[in-house]
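> The structure is given below, and queries will be raised subsequently.
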Amino acid sequence: MEENEKIIDQTLSILKRKSLEGYEIFLEESSHFEVESKDGKVETLHASSSWGLALRILKNQKVGFSYTTSPLLSPFELEKRIDDAISSAEVTSSDPSYDFAPPLRTPLLALPIFDESLEKVSEKEKIEKAKELEEITLSADPARIKKVRKASYQEGKSTVRILNSNGLNVSSHLTLVSLSVMAVAEEAGESEMGWDFDFSHFFCDLDVKKVGEKAGRMALDRLGGKRIPSGTFPILLDPHVASEFLSLLAHSFSAEQILKGKSPLKGKREEQFFSPLLSIIDDGLLPEGAATFPFDGEGVPSQRTILVTDGVIKGYLYDRFWANRERLTSKKTQIESTGNSQRTSIRFPPVLGTRNFFIPKKDTPFSSLLLELNKGLLVEEVMGIHTVDPISGDFSLGCSGKWIERGERVHPVKGVAIAGNLFELFKNIKMIGEDFRFFGKIGSPSLLIEGVQISGN
């Protein structure tokens, strides 16, 4: 920490000598640990740490960027990084929308996202987590689960600090731990895979038994898959598949896409656009969220943003640049950053993105969703969702799952496809379940959708 303070002081000293309209310093220190078990032994064990300093400068309404991953910079090398940022600004276009965050008006919220006891957990305990996960997965059905892939434990720790010429100075710590496993079930020459995971900010919250058993059960349940007749049927998206479709929809709430005219949601604020059952929230303060942090990639305090309520569009997602752009072009003085700037890497400047983006759960049990589905397809996996155009929303995707009749599972389904439109999908929600789950920073419960085209036999 003392070395970091020295580097920051040197950086500030150099920046203040330059003829600039503003500057921003982003410093991140992180460490990562991963262990993978195979056949009861350590297959891989990897530990690493990283350090990075990123700079943004503002000159003549142009923004420049540079970075370094070396904490052992001499003052001469540090000044060169700063000059690189200034040089990069010279070849960009000027825009009055560029600026840096103001200092905090109120203290940042204290969030439960750092496990102080993690450093006391031995490497042996972490290795045992991975081994236990493999063992539990195999025990789901020793006769048919022949092997386990990627039974792993991972953890990450990070410290972020942001300072700028406006007087902003914020910092915070984060820990994130996770388990993941993939089971392979075999029977009568057929092989199927099932997977599961768990994550938390706290080591003691990880549930090895739940993850292993679910992965094994998923692989077993997929054995014996059949095709089904083509037709239009209701479908039930499980939380994973629902979250994948929601991740595509998130693109349309970006102010960048709105202002560029690339989102069907443009001009739809306060309109009933989706099913009246649907609400969507983006929340950077959610205690259990993977993307939870007190501030965003620019140092703007995180917040909870209501995007959809009962199918009505209530807002969009902004960072400072796109909030400024909309304010300048539309004269809407109330537009502010929603705390949605994110850093994908120290090597790139911040961009607009989602935080914890999710559909809140309802109180409908999964069994009731199956009964309401009656005759249709429970979709548990889709293939090629990255190929969907988030602007038009049209899709045709291979999928697998279970065929349901009279609310009961009849047989596994594979080798079929569903086709439709992303926006129509969320307009045609008939019921929402209580089985909410996050997959990374996107979360959803199960969603029952009215008639969807299925291509089978």
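Values quoted throughout were computed directly from the atomic coordinates according to the rules given, and no laboratory measurement underlies them. Remember, it's a predicted structure, so these values are computed and weren't measured experimentally. Note: ideal-geometry Cβ built from the backbone for every residue, glycine included; neighbour counts use all protein chains shown.
> Under 13 Å from the Cβ of Lys332, count the other residues' Cβ atoms, weight Lys and Arg +1, Asp and Glu -1, and hand me the total.
Value of the local net charge: +2.
> Per the Kirkwood formula on distinct C-alpha pairs, the Rh of the chain is how many angstrom?
24.3
> Show me the ranking of peptides 297-310, 332-345 by mean Cβ neighbours inside 10 Å, starting with the highest.
297-310, 332-345
> Using only Cα atoms and rounding to the nearest 10 degrees, what angle (0 to 90) does helix 239-250 make with the longest principal axis of the chain?
40
> OK, next. Hey, what angle do you get for helix 208-221 against the long axis of the chain, alpha-carbon based, 0 to 90 degrees rounded to 10?
Result, in degrees: 50.
> According to the square roots a ≥ b ≥ c of the eigenvalues of the Cα gyration tensor, what is the shape class of the range 410-451, taking rounded for a/c under 1.5, prolate for a/b larger than b/c otherwise, and oblate for the remainder?
oblate
> Within the range 65-98, whose backbone N sits under 18 Å from a point 7 Å along Cα→Cβ of Arg17?
73-87
> Can you bin the range 23-138 into rounded, prolate or oblate? Criterion: square roots of the alpha carbon gyration tensor eigenvalues sorted a ≥ b ≥ c, rounded for a/c under 1.5, prolate for a/b above b/c, oblate for the rest.
The shape class here is prolate.
> Right, here's the next one. If R₀ is 45 angstrom, what is the calculated FRET efficiency for the pair Cys204 and Ser368, using the beta carbon separation as r and rounding to 0.05?
0.85
> Where in the range 267-307 does the label zone of Phe348 land, with the point 7 angstrom along Cα→C-beta and an amide N cut-off under 16 Å?
297-298
> Continuing with this model, one more query. Among DSSP beta bridges whose residues both lie in the range 250-358, state the antiparallel percentage, nearest 5.
Among the beta bridges of the range 250-358, antiparallel pairing accounts for roughly 90 percent.
> With a Förster radius of 30 Å, plug the Cβ-Cβ distance of Glu128 and Met193 into 1/(1 + (r/R0)^6) and report the FRET value to the nearest 0.05.
0.75
> Also, quick follow-up: Computed on alpha carbon atoms, what radius of gyration and Dmax characterise the range 250-358, expressed in Å?
13.6, 42
> May I pose another question? Ranked highest first by the average count of other Cβ atoms within 10 Å around their residues, in what order do 228-234, 33-39, 104-110 fall?
33-39, 228-234, 104-110
> Also, quick follow-up: May I have the extent of the alpha carbons of the range 381-446 along their three principal axes, as whole Å values ordered from largest to smallest?
In descending order, the Cα extents are 36, 28, 24 Å.
> Which listed residue (Leu20, Gly433, Ser158) has the Cα farthest towards the positive end of the charge dipole for the chain, taking +1 on Lys and Arg C-beta and -1 on Asp and Glu C-beta about the Cα centre?
Ranked along the dipole, the leading option is Leu20.
> Here is a further query. Give the shape of the range 82-143 as rounded, prolate or oblate, defined through the alpha-carbon gyration tensor: a ≥ b ≥ c are the square roots of its eigenvalues, a/c under 1.5 means rounded, and otherwise the shape is prolate if a/b is larger than b/c and oblate if not.
Judged from the Cα gyration tensor, the range 82-143 comes out prolate (a/c at least 1.5, a/b above b/c).
> Here is a follow-up. Determine the sum of side-chain charges near Phe395: Lys and Arg each +1, Asp and Glu each -1, restricted to other residues whose C-beta is under 13 angstrom from that of Phe395.
Overall, the nearby charge balance is -4.
> Can you give me the angle between helix 320-330 and the longest principal axis of the chain, using Cα atoms only, in degrees from 0 to 90, rounded to the nearest 10?
It is inclined by approximately 90 degrees.
> To continue, here is another question. With a 10 Å radius around each residue's Cβ, average the other Cβ atoms per peptide and rank 316-326, 397-407, highest first.
316-326, 397-407
> Enter the Cα centre distance for the pair the range 378-429 and the range 329-360, rounded to the nearest angstrom.
30
> Take every DSSP beta bridge whose two residues both sit in the chain, then give the antiparallel share in percent to the nearest 5.
Once the DSSP bridges in the chain are tallied, antiparallel ones form about 95 percent.
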